[in-house]
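Working notes, beginning with the structure itself.
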Amino acid sequence: MIQRSGSADQGETTMQTEVKRTAVYVYEAPVRLWHWVNALSITVLTITGWFIANPLPTLPGEASDHYVMGYIRFAHFAAAYIFTVGFIGRLYWAFVGNEHSQQLFKLPFYRASFWKELMHEVRWYAFMEKEPKKYVGHNPLAHLFMVAIITVGGIAMVLTGFALYAEQAGLGTWQDTLFGWLIPLVGQSQDVRIWHHWGMWIIVVFFILYVYVAIREDIVSRQSLISTMVSGWRMFKDDRP
């Protein structure tokens, strides 16, 4: 990126200088912290969720002597609370942070240029374009998937997860008050459980693709990706627009 600045004195020719920008500070510390805590909580939720859906074989002796599934469920619930609190904190930071912190909750779907550049990214990932474009924040395709999977999908997983949790918390609890309405709306608790389980697999597939794309783009794109979520700085590999 190139930033131009200049000044002119009376009777003199206007002079312009070019200042190359090889790095831009994009992701603030709270966003980076949320990113890694969110990734860890989703990993724990996925692993423990798998065992909750596919319980381990019964061990000999008293269940209280082992309590394996109890620990697994506790880890799942703890990670769910961390995920939810982190999501609320991330929403708050979208209001007080920089413009890039808002991307997770704002999708410019009404702009024709957004869809045009999104199709360019689709062709780039499909090896049909020779060169990618440069972006300070998320590229349009990543932006769409982050909103769809992390924001919309995250809300769906919180609603369905706490609705199921409300069953064991009991009637009249705050979990039941805030989320219990979902079960009769969907039909029954098993329906909610199925939607929650499908949501897990959608997120698993997304994260597999996410890791692949992050590594790929860090190598072949025109800007940094993985290191950006560590330092916050977007590093550019060339000075072309």
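The values are calculated or read from the model by the stated rules, or taken from the named source; none is laboratory data. Since this is a predicted model, take the numbers as computed values, not measurements. Methodologically, a virtual Cβ is constructed for each residue, glycine included, from the backbone with ideal geometry; neighbour enumeration extends over all protein chains shown. Ligands, DNA and RNA are stripped out before the accessible areas are found, and what is left, the full protein with its side chains, is counted by its heavy atoms. Shrake-Rupley method; radii C 1.70, N 1.55, O 1.52, S 1.80 Å.
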Legend entry - Of residues in segment 106-125 being among the hydrophobic types (A, V, I, L, M, F, W, C) and under 17 Å from VAL136 (Cα atoms), the one most open to solvent (accessible area, probe 1.4 Å): LEU107
Inset, instruction - Go through ALA126, ALA142 for me and flag whichever is free of Cβ contacts under 8 Å to residues at least 12 places away in the same chain, out of contact with any Pro (no Cβ under 6 Å at 6 or more places or on another chain) and over 30 Å from TRP181 (Cβ atoms). - result: ALA126
Legend entry - Selection within segment 24-76 - of a type in the set (D, E, K, R) and under 23 Å from TYR210 (Cβ atoms): GLU28, ARG32
Inset, instruction - Can you confirm whether segment 210-229 contains a residue that is in a helix (DSSP H, G or I), touching a His at 6+ places or on another chain (Cβ under 9 Å) and modelled with pLDDT under 95? - result: yes
Inset, instruction - Please state which of the following conditions TYR135 fails to meet, knowing it meets all the rest: (1) assigned to a helix (DSSP H, G or I); (2) modelled with pLDDT under 95. - result: (1)
Legend entry - The listed residue being more than 27 Å from TRP93 (Cβ to Cβ), crowded, with 16+ Cβ neighbours inside 10 Å and basic (Lys, Arg), out of ARG240, ARG193, ARG216, ARG234: ARG193
Inset, instruction - Identify the single condition in (1) modelled with pLDDT of 95 or more; (2) exposed (fewer than 15 other Cβ atoms within 10 Å of the Cβ); (3) farther than 25 Å from VAL230 by Cβ that GLY70 does not satisfy, given that it satisfies every other one. - result: (1)
Legend entry - Matching residues in segment 91-100 - criterion: being modelled with pLDDT under 95, assigned to a helix (DSSP H, G or I) and open to solvent by less than 60 Å² (accessible area, probe 1.4 Å): HIS100
Legend entry - Counted residues, segment 213-241 - those being of a type outside the set (Val, Ile, Thr) and within 22 Å of VAL37 (Cβ to Cβ): 10
Legend entry - Meets criteria (among the aliphatic types (A, V, I, L, M) and surrounded by fewer than 17 Cβ atoms within 10 Å (Cβ to Cβ)) for ILE155: yes
Inset, instruction - Being open to solvent by less than 40 Å² (accessible area, probe 1.4 Å), in contact (Cβ under 8 Å) with a residue 40 or more places away in the chain and either farther than 18 Å from ILE52 by Cβ or under 27 Å from the mean Cα position of the chain (by Cα) (or both) narrows it down to one of GLY180, GLY161, so name that one. - result: GLY161
Inset, instruction - Report yes if some residue within segment 5-23 is more than 19 Å from the chain's Cα centre (by Cα) and modelled with pLDDT of 85 or more; otherwise report no. - result: yes
Inset, instruction - Filter segment 127-137 down to residues that are open to solvent by 50 Å² or more (accessible area, probe 1.4 Å) and of a type outside the set (D, E, K, R) and give me whichever is farthest from PHE206 (Cα to Cα). - result: MET128
Inset, instruction - Please verify whether segment 59-77 includes one or more residues that are under 17 Å from GLY153 (Cβ atoms), assigned to a helix (DSSP H, G or I) and in contact (Cβ under 8 Å) with a residue 12 or more places away in the chain. - result: no
